[in-house]
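The values are calculated or read from the model by the stated rules, or taken from the named source; none is laboratory data. Everything numeric in this text was worked out from a predicted model, so none of it was measured. Every residue, glycine as well, gets a Cβ built from its backbone with ideal geometry; the counts of neighbours run over all protein chains shown.
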Amino acid sequence: MKGNLKVISPLWLFMFFNMLLFSQQLNEDFKIKVSPVFNGEKLQKDDWYVSKKGDSIQFNKVKFYLTDFKFDLAENSQQKIINNTVLVDAFDKKTLLKTLQRPLNKKDSTIQFSLGVSGVLSESGALSGDFDPANGMYWAWQSGYINIKIEGMSPSCPTRKNKFTFHIGGFQKSYPTLRVLSFPIKEYQNEITLVVDLATFLNEIDLKEKHSVMIPGEKASKLADIAVNMFDIK
Amino acid sequence: MKKAVCFIGGILLLSFIGLKVKKNIFTYPEYWPKPVYDIIKNPVTEEGFQLGRALFYDPILSKDNTISCASCHLQASGFTHIDHDLSHGIEGKIGTRNSLAIMNSAWSDSFMWDGGINHLEVQALAPLTSDVEMAETLENVVRKLDTIPFYKKMFYKAFQDSTITGQRVLLGFTQFTLMLNTYNSKYDKYIRKEVGGEFTAQEKNGLKLFRNNCASCHTEPLFATNKFKNNGLAVDTTLNDYGRMKITQNPKDSLRFKVPTLRNIQFTKPYMHDGRFETLQEVITHYTNGIQQSETLSEELKDPILFTHREKVDLLVFLRTLTDKEFLFDKRFSFPKALITQK
C-alpha cells in the first residue's frame, strides 16, 4: 500500500501541473489557404484543360488529406498544434481555408505536414470528423485511408465514359503512399497559400495506359511520388 | 490516513469516468486470453448493443432495402450463410466467397478470409459498400437513418447525442458483433468441469487427436489463430482466389487464408473460403487424403495425417462438442421485435 502511494502522489502532481501548463499555453492562428489550379489557371469542376501530353481533361473529384502540421520541428518537438488535419475538397470552398493554432512563436522558419493519413490512424478503427469513413476516403475491402482521390474524364482514356480514377493510398511498409512536405516561412508570417497544380500530376501520366489505380501497391506508391510534386507555396 | 487519500482520489476519478461511461456488458471466461479489441476504451453498453442489433437486422441498410447483415449471417448457423457455397447479395448477385461465421470477434486482429480488414470497427463497411452485397455508401446510410425517428432515439440512447455519423453507425455494428460470443459448448463445460461437460471415451480420444493434429492452427480456447495458412486446398480455377496475397502482394502469402474458428462447426456448413465441402467428413478426408503440395503449404501439414476409420469418427464426435446451443438460440441475439413495433 505504502509503495503504491509513492507512485501515485507524484503522478497526481504531475497531472496537475500539466493541466496548468496547457491551460496557460498561448496560441495564435495560422492560416493555410489551398489554391487548386491547372497550369496556374484556377481549377473548376467540369471545365476543360489540356495537359502537356496533349490530353483534354475534365475533373470531377479532387480530394486529399493534409495532416500532422508542425512548425520548426527540431527546436520544439513537444509543440501541440490544434486543428492539424484537413480533408481538402478542391470543389468545396469551405475546405480551402484552414486555420491551425500554434503556440505563440513568431520565429518559426519552416512548416511541415503530411500529404495523407498515417498508418497508425489507418489501423485505429472507426474515427470521426475528417476521418469519418462516411467521407468516402476509406477503403472497404482493404482497411486504410485513401490519401488522394483524383477523378475525371479524358477522351484519351480507353475506358467506359472515358473516365480516369486515381485513388492513392496504402500504408504497408513496401508500398507507402504518405509523403511529407516542408516549406520555409518567414518570421511573423501567419499564413501560407498552398498551390496545388493538377497539371504537374497529369503531365506525368499517360492516360492511354494508366487510367485507374484503386488499390494499395507499387502503382499507388509511384503515383504518390508524382502527386507530391503538385504542391508549392506562394 | 494515506488509505483515505487513496480512496478519495479513487472516488473522484471514478466519478469523472462514471459521468461518461455506462455499464459494460461484455464478459468472457476469466481463463481466456485478453481480447484484441480494446474493451476498456470502448466498453459495450446495453444501449449500444441494442442499436447494433437493430442495424444488423434492418434491410434498410441495403440499396434496395432487401438485404440485411442477417441475410448472410444467420444466428442458428453461428451467424453464417448456410446452403450457399458463395454468399448471395443484392439482386441475387453472387459473391466470390463463402460467408464467415461471426463469433468471438473481439479476439481477431483482422477480418475476412484474406485479413483485408484490420479492425472490427471498419468491418461493416465492406458488406455495406460491396456491389454484390448491399451496394450502399456509408454516407447514404447515414442520410437514410437520419430520417427515421426510431434510430434518432436509438443513437441518442447509445451516444447521448442523436447526431448520426458514419463513425457511430460503425460503432453500433461493432457493439452488436462484439457480443456474439460463444463459450458454453459441451467442450467448455468439460474444460470447466461443469455439469453437462462429461466427455465419453470417444470424445476424449477425439480431443486428443485434435490436439495432436489440428490445434497448432485451430488453437484452444478460440479454435482459431490470428494467422494465415495454406491448408492444402487446390485452387478453384473458376475463382482463382489466392487469399492473403491479394492484400500483401507477397508471393509467400499465395493460397494463405485466415484460420477460421471451429466453434459451432457442426452448423456452419458449407466449409472453407469457397464453401467447397458440404460435410465435416469431407473436411477430415481432405486433411488425411486431399492435401495439395505447394510452395506455401503449411509446415504443419507437410507430413501426412493418418487416421483409422475409428479415429475419424472420434474426431468428428469431438468437433460436435463445440456446438453451443445457448449461443445459437440466445434470444438476445435474434431479430429485435422493436424493429417492427416501434419503427
Counting only helices (runs of 4 or more DSSP H) entirely within the range B:248-343, those with at least 2 residues that are assigned by TED's automatic domain parsing to the domain that holds B:Lys208 and of a type in the set (Val, Ile, Thr) are B:280-285, B:309-320
Taking the range A:118-169 and the residues there that are in a loop (DSSP other than H, G, I, E, B) and more than 10 Å from chain B (Cβ to nearest Cβ), the one that is modelled with the lowest pLDDT would be A:Thr159
For this session: Tell me, yes or no, whether the range B:203-214 has at least one residue that is in contact with an Asp or Glu (Cβ under 6 Å, 6 or more places away or on another chain), crowded, with 22+ Cβ neighbours inside 10 Å and either at pLDDT below 95 or assigned to a helix (DSSP H, G or I) (or both).
Result: yes
Residue count, the range B:133-168, condition touching a Pro at 6+ places or on another chain (Cβ under 9 Å), in a helix (DSSP H, G or I) and among the hydrophobic types (A, V, I, L, M, F, W, C), comes to 1
Only one of (1) surrounded by fewer than 18 Cβ atoms within 10 Å (Cβ to Cβ); (2) closer than 25 Å to A:Asp46 by Cβ does not apply to A:Gln112, and that is (2)
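So, in the range B:171-192, how many residues would count as being in contact with a Pro (Cβ under 8 Å, 6 or more places away or on another chain) and within 11 Å of B:Leu322 (Cβ to Cβ)? Walk me through it before giving the result.
First pass over the range B:171-192, keeping only residues in contact with a Pro (Cβ under 8 Å, 6 or more places away or on another chain): B:183, B:188, B:191-192.
Then keep just the ones that are within 11 Å of B:Leu322 (Cβ to Cβ); that gives B:183, B:188.
Selection size over the range B:171-192: 2.
Does the range A:93-106 include one or more residues that are touching a Ser or Thr at 6+ places or on another chain (Cβ under 6 Å), modelled with pLDDT of 95 or more and buried (at least 16 other Cβ atoms within 10 Å of the Cβ)?
Residues of the range A:93-106 touching a Ser or Thr at 6+ places or on another chain (Cβ under 6 Å): none.
No, the range A:93-106 has no match at all.
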B:Met272 passes all but one of the listed conditions (1) within 19 Å of B:Leu301 (Cα to Cα); (2) within 14 Å of chain A (Cβ to nearest Cβ); (3) under 22 Å from the mean Cα position of the chain (by Cα); the exception is number (2)
If we ask which residues in the range B:109-167 are without any contact (Cβ under 8 Å) to a residue 24 or more places away in the chain and in contact with an Asp or Glu (Cβ under 7 Å, 6 or more places away or on another chain), their number turns out to be 6
| message | Residues that are of a type outside the set (Ser, Thr, Tyr), within 14 Å of chain B (Cβ to nearest Cβ), surrounded by 14 or more Cβ atoms within 10 Å (Cβ to Cβ) and within 21 Å of the chain's Cα centre (by Cα): does the range A:193-211 have at least one? | response | no
Filtering the range B:272-290 down to residues that are surrounded by 18 or more Cβ atoms within 10 Å (Cβ to Cβ), in contact with a strand residue (DSSP E or B) (Cβ under 8 Å, 6 or more places away or on another chain) and without any contact (Cβ under 8 Å) to a residue 60 or more places away in the chain yields B:Phe277, B:Leu280, B:Val283, B:His286
